Amino acid sequence: MRVALGSESEVKKKALLRALSALGARAEVVALAVPGAPAQPLSEAATEEGAAFRAWYARKHGDAGLGVGLEGGVDLASGWLTMYAAATDGERLSLGRGPSVPLPEEVLAALRQGAELGPYLKERYGEEAAKKGAVWVFSGGAMTREEALAAAARLALGPFLGEEGALGSP
């Protein structure tokens, strides 16, 4: 099976491979750049929409049975970091939401003033924080960005690849 990922991010590719492995799926993953995808979604809705947009784009342009979109974002209204995944076979769309953590007010203030989370983490908390992600920093190291995205991806892929939703079945 071939799965197209709507991102060239190594973290997102590793997260998808982790999710596929956890579901017992053997797949070739092709990573695609997605023109017009949001760099930093700043609402819950924009994060979900970004994941869906990436999945549809990947499915359409990746010559694959499934398209997958993974998106991390910040909901400025609630102050929470959030993760979404979307998977599509071209007809159905399945969403998964990953672990979320609240962000400190100083981080939210920086984002409201135009900062991007990745560079902010690197400057404020160091290289390891930027690599492992905000979820790692603000969960006390309980989970990395890759693990959080993989959790969301497992939920989105489940209807297609889980015991009851093998690819190609109704």
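Every number in this text was worked out from the coordinates using simple rules, so none of it is lab data. Quantities reported herein were computed from a predicted structural model and do not represent experimental measurements. With ideal geometry, Cβ positions are generated from the backbone for all residues, glycine too; neighbour counts draw on all protein chains shown.
Neighbours of V34 by Cβ distance under 12 Å: Lys/Arg scored +1, Asp/Glu scored -1, total +2. The translational diffusion coefficient of region 3-99, from Stokes-Einstein at 20 °C and 1.002 mPa s with a Kirkwood hydrodynamic radius over alpha carbon pairs, comes to 164 µm²/s.
Put a dot 7 Å past the Cα of S78, heading toward its Cβ, do the same for V30, and the two dots end up 3.6 nm apart. When you count the other C-beta atoms within 10 angstrom of each residue and take the mean per peptide, 57-66, 91-100 line up highest first as 57-66, 91-100. Once Rg and the Kirkwood radius are both taken over the C-alpha atoms of region 93-149, their ratio Rg/Rh works out to 1.00.
Here the peptides 12-23, 112-123 are ranked by packing, the mean other Cβ count within 10 Å, and the order with the highest first is 12-23, 112-123.
In the chain, the calculated helix contribution to ellipticity at 222 nm averages -13500 deg cm²/dmol per residue, counting -39,500 (n - 2.57) for every DSSP H run with n ≥ 4.
In region 13-60, one over the average inverse separation of all distinct C-alpha pairs is 12.2 Å, which is the Kirkwood hydrodynamic radius. Gyration tensor over the Cα atoms of region 40-80: the corresponding equivalent ellipsoid has semi-axes (square roots of 5 times the eigenvalues, largest first) of 25, 7, 6 Å. With the convex hull of its Cα atoms as the shape, region 14-163 has an orientation-averaged projected area of 8.8 nm².
Working from Cα pairs under 8 Å separated by at least six residues, relative contact order for the chain is 22 percent.
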